[in-house]
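Just below is one structure, and these are the notes that go with it.
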2 protein chains.
Amino acid sequence: MAQPASGNGLGIDIEAIREYVQVQRRKHLAGQSICHAGQPFHAIYLVHAGSYKICELADDGREQISGFRMRGELIGVESIGLKAYASDVVALENSEAWELPYPAVLRACLHVPELQSHLTSALAAEIRCDRSWMLMLGTLAAERRVAAFLLDVAARYARLGYSAKHFILRMSRIDMASFLALKHETVSRALSHLHDMSYIDVQRREVRVLDVDGLRSMAGMSTALN
Amino acid sequence: MAQPASGNGLGIDIEAIREYVQVQRRKHLAGQSICHAGQPFHAIYLVHAGSYKICELADDGREQISGFRMRGELIGVESIGLKAYASDVVALENSEAWELPYPAVLRACLHVPELQSHLTSALAAEIRCDRSWMLMLGTLAAERRVAAFLLDVAARYARLGYSAKHFILRMSRIDMASFLALKHETVSRALSHLHDMSYIDVQRREVRVLDVDGLRSMAGMSTALN
DNA sequence: CGACGCGTTGAGCAGACTCAATCACAGTGG
DNA sequence: CCACTGTGATTGAGTCTGCTCAACGCGTCG
């Protein structure tokens, strides 16, 4: 049911909607934004390469990363129904996202009923993913959150066909910390400690997972499933 | 953009879909559940009276309240696309929710295109609401979270036509604490302190707001807007 | 090379937690 | 009617996790 979760598993079938939606390929250099909070909302995006971070902003300047997106995941869906985007989205590395103008997507839904239920399911999956992280952040201590985060990243790389045991973190410690509601020093210490306990091997952004079950038990996930 | 937020403002127009969807009124006594995580998903619900809490569950027994719902708000949308409900939903008092069988809702969307965009917007609003709380929980100290929570409750009562200055909290300190990722003693102390500072008057579950702007500035919300 | 951003590590502090006692209140049964 | 019980709320005292402040190392880039 719950599970680690992040992004939406269900990929939109691009080919099925090409007929109705004019898809634009948008490239972004590391640090460039897809959209800023407050800018007119006109499209959602499907990540095609690289990765992005989503940043929530408060009136008084507080801000927090609410998630990271990689290939096959949607961006901007939380702004549906609004006049303007609700958050900033920034490329973590040189990346590419496909722009799907939202009015066209809505029109396509009328012609392709499965698309409608796909979109709805994707939105619901996004909610479950957020809720799952709220649970993590609300109930796990710092080190356990970091363990859960690593497992999530690993699972997402695995889904894309990359190694779940050896990967490069695309985001800085500060971004990780912001997402996990911690300070970057705490994240750093947690990683060092996981290293000391031989759960992982970590050098800067390069991570090697040595003991998946160890990490899983820290993150409060049954080692049996998955 | 962000704002306090909770539930989805947009009420589904029941009359417009009565023709396609067989709506059942379901009453629940305090403590009774609408649904349990793992039970087959078949319907979403619209709260008609009373209030409910939504509870997320982890494999290892951890659990957390992820939100509260009152009149006009939807329940169960996060389970769309799944075979089974993702969370438990429990009535906080004697309440009533209208059951909308999901397959029928989907079918109705084909006949009433506005319903489709309404539903999508409602899901997106739910995501924004969750993100807004993630930001609160991730960036505000305990007392400020409690202040933000009170303002949110007040705003929701106001929207229903009740007083925003004097209301009864329907949930226990433990439920509030769970939602705010705190311990119930901390919530209790925070409320007492807000009382000491004359921002509120609180006796058990009865709350009187004495200084809205004071609370707003604590919660990091501009006092100008709204 | 020097500057800067990022990451790591240490020492001390403080906010939130834990444990525990007490109080208020509703429900129950003698 | 009141003692008894159980749950929820409040408050206190002491502890500890994660934060703050600060120094330092590494790597990149101008």
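The values are calculated or read from the model by the stated rules, or taken from the named source; none is laboratory data. Worth saying up front: this structure is predicted, and the values here are computed from it rather than measured. Because the Cβ atoms are built from the backbone with ideal geometry, glycine has one as well, and the counts that use them run over all protein chains shown. For the accessible areas, the whole protein counts, side chains as well, though only heavy atoms, and no ligand, DNA or RNA atoms are used. Shrake-Rupley method; radii C 1.70, N 1.55, O 1.52, S 1.80 Å.
Can you list residues from other chains, or at least 5 along the same chain, whose modelled amide H is less than 5 Å from the amide H of A:GLY67?
Residues meeting the criterion, in which the H sits 1.01 Å from N, are A:ILE54.
Measuring nothing but label to label, 7 Å from Cα along Cα→Cβ, what are B:SER172's distances to the other copies in nm, shortest first?
From this label point to the equivalent ones elsewhere in the assembly: 4.4 nm.
Could you state the per residue volume, in Å³, of the convex hull enclosing the Cα atoms of the stretch A:140-219? Provide the component values of the computation, followed by the final result.
On the way: hull volume 6.3 nm³, N = 80.
Value for the stretch A:140-219: 79 Å³ per residue.
If you put a point 7 Å past Cα along the Cβ direction, how far is that point for A:ARG159 from the same point in each other copy, in nm, smallest first?
Nearest first, the other copies' label points are 3.0 nm away.
Dipole magnitude of the protein assembly as shown about its Cα centre, charges +1 at Lys/Arg Cβ and -1 at Asp/Glu Cβ only, in debye to the nearest 20?
Working: 50 positive and 50 negative charges, 37 e Å.
Its charge dipole is roughly 180 debye.
At q = 0.09, 0.18, 0.19, 0.23 Å⁻¹, what is the base-10 log of I(q)/I(0) for the stretch B:6-126 according to the Debye formula with one equal point scatterer per Cα and no solvent? Please give it to two decimals.
Scattering profile of the stretch B:6-126, log10 relative to I(0): -0.23, -0.93, -1.03, -1.47.
Just want the answer: with Cβ charges of +1 for Lys and Arg and -1 for Asp and Glu, which residue in A:THR186, A:ALA158, A:ILE168 is farthest toward the dipole's positive end in the stretch A:134-201?
Value: A:ALA158.
Carbon and sulfur atoms: what percent of the 1.4 Å accessible area of the stretch A:140-219 do they account for? Present the calculation step by step, with values, prior to reporting the outcome.
Numbers: 1830 of 3790 Å².
Answer for the stretch A:140-219: carbon and sulfur cover 48 percent of the accessible area.
Can you list, shortest first in nanometers, how far A:SER198 lies from the same residue in the other copies, with each label 7 Å from Cα toward Cβ?
6.3
In percent, how large is the relative contact order of chain B, given Cα pairs closer than 8 Å and 6 or more residues apart?
On the way: 394 pairs, mean separation 50.4, N = 226.
Result for chain B is 22 percent.
For the stretch B:55-106 and the stretch A:49-123, compute the distance between their C-alpha centroids and round to whole Å.
The stretch B:55-106 and the stretch A:49-123 have Cα centres spaced 24 Å from each other.
To the nearest hundred square angstrom, how large is the accessible surface buried between A and B, total for both chains, probe 1.4 angstrom? Before the final figure, lay out the partial values.
Numbers: alone 11700 and 11710 Å², together 19120 Å².
Buried: approximately 4300 Å² between B and A.
How big is the charge dipole of the stretch A:135-209 about its Cα centre, in debye rounded to the nearest 20, if each Lys and Arg gets +1 on its Cβ and each Asp and Glu gets -1 on its Cβ? Could the numbers behind the result be given before it?
Numbers: 12 positive and 7 negative charges, 37 e Å.
Dipole magnitude for the stretch A:135-209 comes out near 180 debye.
Amide H neighbours of A:GLU93 under 5 Å, counting only residues 5+ apart in sequence or on other chains, H built in-plane at 1.01 Å?
Here the answer is A:GLY31, A:SER51, since their amide H atoms fall under 5 Å of that of A:GLU93.
What dipole magnitude, in Debye to the nearest 20, does chain B give about its Cα centre under +1 on Lys/Arg Cβ and -1 on Asp/Glu Cβ?
Working: 25 positive and 25 negative charges, 55 e Å.
Roughly 260 debye, rounded to the nearest 20.
Past the 31 angstrom mark, what percentage of all C-alpha to C-alpha distances in chain B do you count?
On the way: 5659 of 25425 pairs.
Of all Cα-Cα pairs in chain B, 22 percent lie more than 31 Å apart.
Can you list residues from other chains, or at least 5 along the same chain, whose modelled amide H is less than 5 Å from the amide H of B:HIS166?
Result for B:HIS166 returns B:VAL209.
Report the one residue of B:MET221, B:THR139, B:CYS35 whose Cα lies farthest in the direction of the positive end of the charge dipole of the protein assembly as shown (charges on C-beta: Lys and Arg +1, Asp and Glu -1; origin at the Cα centre).
B:THR139
Ignoring solvent entirely, what values of log10 I(q)/I(0) come out of the Debye formula for the protein assembly as shown at 0.13 Å⁻¹ when each Cα is a single scatterer?
Values, matching the q order: -1.27.
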